[in-house]
Amino acid sequence: MKFKAFLTENGVNLLEKRFLPALDKMGKICHLYLTRDHSIFLHNLLNGDGIQSVAQFRREALFDDYRISSQNEDRIAFAVDVSLLHRALRSSVSICTEFGNGPTANRLQIKLVKKLPSNSTQPMPFLTFETKGFKSAVIQDVPISKPLSRAQLLELQTALDAAQDLPPTLVQVPDLNQLQSFVDRMKHVGDLLDVSITKYGDLHMQISTTLITLGAEFRKLLVIGEQADAPADDRNLSAQARSSRAVLRGDAQSVQVSVKHFAKSLCYYLAKPDCAFYGIAPQGACLTVIFQFFIPGSRQMDKSISLHCRLPVLDPGSS
Amino acid sequence: MESSATDSDAPDLVCQLDNVQGMVDALTAVRWKRNQDAVIEISEHGIVVIVEEMSCLQAKVYLQSELFIRYEYGEQGRPRFGVSLGLFVDCLNTFSVPGHSSTIEIRYPGPDMQLLLKSVDSLDAGIYAEIRTRIPDTISWDYNFEPAGSTPLTFTTSALKEAIDDLDWPGSSIQITVQPDPPSVTFRGDGHGDLQIDFVYYSNADLLIAFHCDRQVSYRYKYKFLRATTSNIPGSVIRDNRGSKLTIGRGGLLKVQHLVSVARTSTSHQQIDSAGHQNPSRIAYIEFFVKPEEDEDTADD
């Protein structure tokens with residue numbers, strides 16, 4: 001089992017400034033799954049009831065001189081502490097820029113190693129960052145879990161495949177920052193959030209407790225997938241009435257999620273996505289958030305990066 | 001008189017406010033506990049929010065009708081209802097978008113006697129809320145506050161807050177003495193050790209802005225109640241620095257008054273009225289009343 005690669009400048013920027021801070025908010029521990037073509041950061045895919053998150057990079061987006069080999073079709077996966085990874089990368093980068101002379105003179109190598117820790121008799125696996133300075137080399141070892149076994153890896157791949165299904169209707173959130181500040185404030189009022197999404201491009205969210213009902217409705221959003229024209233006589237209704245009528249008509253789906261999960265998914269604004277879409281999976285299985293990234297300086301989707309998460313549904317909802 | 005049919009349709013109150021943050025600030029100033037009940041009183045003059053504790057401490061926030069860009073009150077009486085203050089403030093706060101002036105509409109009552117709020121800025125994005133109200137179980141006390149001898153003392157809000165914060169260390173009970181010669185105000189705490197803070201009018205004119213006193217007045221107040229009068233003043237109000245007034249009334253009743261601006265915060269010309277300055281009527285008044293400790297015998301009143 002071998003893995004060795006050089007991080008590109010773009011890769012360093014993506015990880016250090018954008019993705020690792022965002023992934024750290026999602027959860028302390030994630031799986032890093034490396035294949036011949038992709039590097040994937042996975043949260044909560046194998047265990048549990050939290051938000052499932054998948055951040056996938058094509059090899060060229062992060063690395064060059066990429067070498068991977070394993071007896072399991074050159075696939076390697078292990079668990080790693082995101083904040084440690086971020087810290088190691090940050091300090092390696094600072095050394096690189098401090099002593100670097102020229103863009104290619106100083107490169108950041110990342111590799112998988114087994115070492116004997118100082119107070120242990122058993123060798124442990126590490127992800128090692130190696131930076132060559134002017135007169136010195138700095139090596140940072142980030143401890144990782146034992147690589148996943150063939151069976152575990154199969155399980156991870158199955159879960160990953162299952163997490164790829166697209167909701168039939170997706171609506172684009174207009175302003176991620178605004179939505180985030182709203183949801184952050186909404187958190188104080190209650191724990192459960194009803195989310196409904198219509199084929200007309202309406203996103204309706206509501207917290208309801210015995211003392212208060214607090215909601216927000218965003219209308220006329222861009223729709224991808226199944227869409228329909230909003231009935232004209234809905235215009236003068238309240239937001240609640242509008243969305244429940246749309247659900248009855250079969251033009252909307254509604255699910256209940258945890259406000260905390262919803263707020264957490266919005267932390268992905270740290271990765272600086274160019275747009276975000278919300279959708280409800282068939283049968284109300286989960287609330288899916290898909291983030292898109294553009295090729296810098298264009299409005300064209302950057303297909304080498306993909307990021308999405310799936311919020312567990314607490315109640316199957318009314319659909 | 002309106003018929004009963006229209007009575008059930010039209011709410012008593014419909015009002016719109018274009019600075020939600022100002023209202024949040026004003027109500028935050030009287031939120032000294034996590035779970036607090038407030039009584040809201042509505043009249044043609046405006047909205048009064050009243051919070052009390054153990055009939056020793058009362059706070060009132062006056063939101064006069066002039067603060068609102070629209071204020072329609074259709075009833076004759078003064079409807080009163082109870083809400084959870086924390087929930088009300090948290091809810092209002094969700095309407096306030098940073099860096100964005102937001103206008104809300106408040107209606108009372110809803111079909112189930114709720115307090116209804118909704119944003120009225122945009123057709124394509126809207127926030128709404130319904131807050132359950134209660135019938136208030138107590139009649140809030142009305143003190144008939146009468147000034148006695150020493151009114152009013154005006155401090156800069158930050159000076160008053162700092163002094164009261166510092167008295168946290170001795171804690172328990174604080175004696176406030178106002179005397180004409182030399183003109184000064186003294187806060188003295190005896191608890192775990194003692195601490196005395198003097199504001200001498202002539203030497204601390206930047207902290208104690210206005211002073212008037214005919215004869216010496218001295219009373220003791222429970223520190224936790226005194227603290228509530230300044231502990232939750234939002235930073236924006238302190239920076240605004242409109243001053244805080246402290247008055248000792250008859251029987252030692254202490255009144256602390258703060259002013260909170262509810263003018264539009266945007267830098268656009270809309271906040272400037274035709275006379276070219278900020279509209280002075282767009283100020284919310286906050287008043288705290290603190291009863292003195294009862295075993296008081298040193299009072300000169």
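Values in this text are rule-based calculations from the coordinates and carry no lab data. It should be emphasised that the depicted structure is a prediction, and the values quoted were computed from it without experimental measurement. Reconstructed Cβ throughout: ideal geometry from the backbone, glycine too, with neighbour counts over all protein chains shown.
Mind checking which lysines have their C-alpha under 22 Å from A:LYS2, skipping anything on the same chain fewer than 8 residues away?
A:LYS111, A:LYS114, A:LYS115, A:LYS132, A:LYS146
What Kirkwood hydrodynamic radius, in Å, does region A:2-162 give when the mean of 1/r is taken over all pairs of distinct Cα atoms and then inverted?
Details: mean 1/r = 0.0613 Å⁻¹.
Final number for the Kirkwood radius of region A:2-162 is 16.3 Å.
Kirkwood hydrodynamic radius, computed over distinct alpha-carbon pairs, for region B:23-128: how many Å, to one decimal?
Values: mean 1/r = 0.0673 Å⁻¹.
Hydrodynamic radius (Kirkwood, Cα pairs) of region B:23-128 is 14.9 Å.
At 7 Å along the Cα-to-beta-carbon direction for both B:GLN16 and B:ILE209, put a label point, then send me their distance in nm to one decimal.
3.3
Go through region B:190-195 residue by residue and turn each phi into a ³J(HN,Hα) via Karplus (6.51, -1.76, 1.60, θ = phi - 60°); whole Hz please, and just put x for glycine and proline.
Computed from phi, the couplings for region B:190-195 are 10, x, 7, x, 9, 9 Hz.
Cα centroid distance between region A:230-248 and region B:67-137, in Å?
23
Which value in deg cm²/dmol, rounded to the nearest 500, describes the helix-derived mean residue ellipticity at 222 nm for the protein assembly as shown, given -39,500 (n - 2.57) per DSSP H run of n ≥ 4 and division by the residue count?
-5500 deg cm²/dmol
Mind sorting B:ILE40, A:ILE197, B:ILE127 by how few other Cβ atoms lie within 10 Å of their own Cβ, fewest first? Provide the component values of the computation, followed by the final result.
Values: B:ILE40 23, A:ILE197 29, B:ILE127 26.
Final ranking by Cβ density, sparse to dense: B:ILE40, B:ILE127, A:ILE197.
With each pseudo-label sitting 7 Å past Cα toward Cβ, what's the A:LEU116-A:ASP65 distance in nm, one decimal?
Simple spin-label model gives 2.9 nm for this pair.
Is there a pair in B:LYS161/B:LYS291; A:LYS25/A:LYS220; A:LYS28/A:LYS220; A:LYS260/B:LYS118; A:LYS187/A:LYS303; B:LYS222/B:LYS245 whose C-alpha atoms are over 28 Å apart, and which pairs would that be? Working shown, then result.
Details: B:LYS161/B:LYS291 19 Å; A:LYS25/A:LYS220 30 Å; A:LYS28/A:LYS220 37 Å; A:LYS260/B:LYS118 24 Å; A:LYS187/A:LYS303 34 Å; B:LYS222/B:LYS245 19 Å.
Going by Cα-Cα distance, A:LYS25/A:LYS220; A:LYS28/A:LYS220; A:LYS187/A:LYS303 fall outside the 28 Å limit.
Can you list which of the DSSP-assigned H helices in chain A have a Cα extent of 20 Å or more along the long axis and an average Kyte-Doolittle score of at least -0.5? Kindly include the intermediate steps, with their values, before the conclusion.
Numbers: long enough: A:82-99 (26 Å, 0.66).
TM-like helix candidates: A:82-99.
With a cut-off of 8 Å between alpha carbons and a minimum separation of six or more residues, what is the relative contact order of region A:169-312 in percent?
Relative contact order comes out at 25 percent.
I need the calculated FRET efficiency for the pair B:THR138 and A:GLU226, taking r as the beta carbon distance and R₀ as 41 Å, to the nearest 0.05.
Numbers: r = 55 Å, r/R0 = 1.35.
With R0 = 41 Å, the Cβ-Cβ based efficiency is 0.15.
Quick check: net charge around A:VAL113, other residues with Cβ under 12 Å of its Cβ, Lys/Arg +1 and Asp/Glu -1? Display every interim value, and only then the final one.
Working: positive: A:LYS2, A:LYS4, A:LYS111, A:LYS114, A:LYS115; negative: A:GLU130, A:ASP141.
Residues near A:VAL113 contribute +3 overall.
Determine ³J(HN,Hα), in whole Hz, for all residues of region B:238-245 in sequence, where each value follows from phi through the Karplus function 6.51 cos²θ - 1.76 cosθ + 1.60 and θ = phi - 60°; x replaces Gly and Pro.
Result, ordered by residue: 5, 5, 4, 6, 8, x, 10, 9 Hz.
Taking N as the number of residues in the protein assembly as shown, what is its alpha-carbon radius of gyration divided by 2.2 N^0.38 Å? Walk me through the numbers before you get to the answer.
Details: Rg = 30.9 Å, N = 620, 2.2 N^0.38 = 25.3 Å.
Expressed relative to 2.2 N^0.38 Å, the Cα Rg reads 1.22.
Which order results if A:MET26, B:MET23, A:MET301 are arranged by neighbouring Cβ count within 10 Å, fewest first? Walk me through the intermediate numbers first.
Numbers: A:MET26 22, B:MET23 27, A:MET301 14.
In increasing order of surrounding Cβ atoms, one gets A:MET301, A:MET26, B:MET23.
What is the fewest-to-most order of B:SER119, A:SER70 by other Cβ atoms lying within 10 Å of their Cβ? Let's see the in-between values first.
Working: B:SER119 21, A:SER70 18.
Neighbour counts put them in this order, fewest first: A:SER70, B:SER119.
For chain A, with equal point scatterers placed on the C-alpha atoms only and solvent neglected, what are the log10 I(q)/I(0) values from the Debye formula at q = 0.09, 0.13, 0.14 1/Å, to two decimals?
-0.53, -0.97, -1.07
Say each of A:ARG87 and B:ASP181 gets a label point 7 Å from the Cα, pointing the same way as Cα to Cβ; how far apart are those two points in nm?
The two pseudo-label positions are separated by 6.8 nm.
Please work out the FRET efficiency for the pair B:SER172 and B:ASP112, using the Cβ-Cβ distance as r and a Förster radius of 45 Å; give the result to the nearest 0.05. Before the final figure, lay out the partial values.
Numbers: r = 46 Å, r/R0 = 1.01.
Efficiency for this residue pair is about 0.50.
If you scale each eigenvalue of the Cα gyration tensor by 5 and take the root, what three semi-axes come out for chain B, rounded to whole angstrom and sorted largest first? Provide the component values of the computation, followed by the final result.
Working: eigenvalues 276, 96, 59 Å².
Square roots of five times the eigenvalues give 37, 22, 17 Å.
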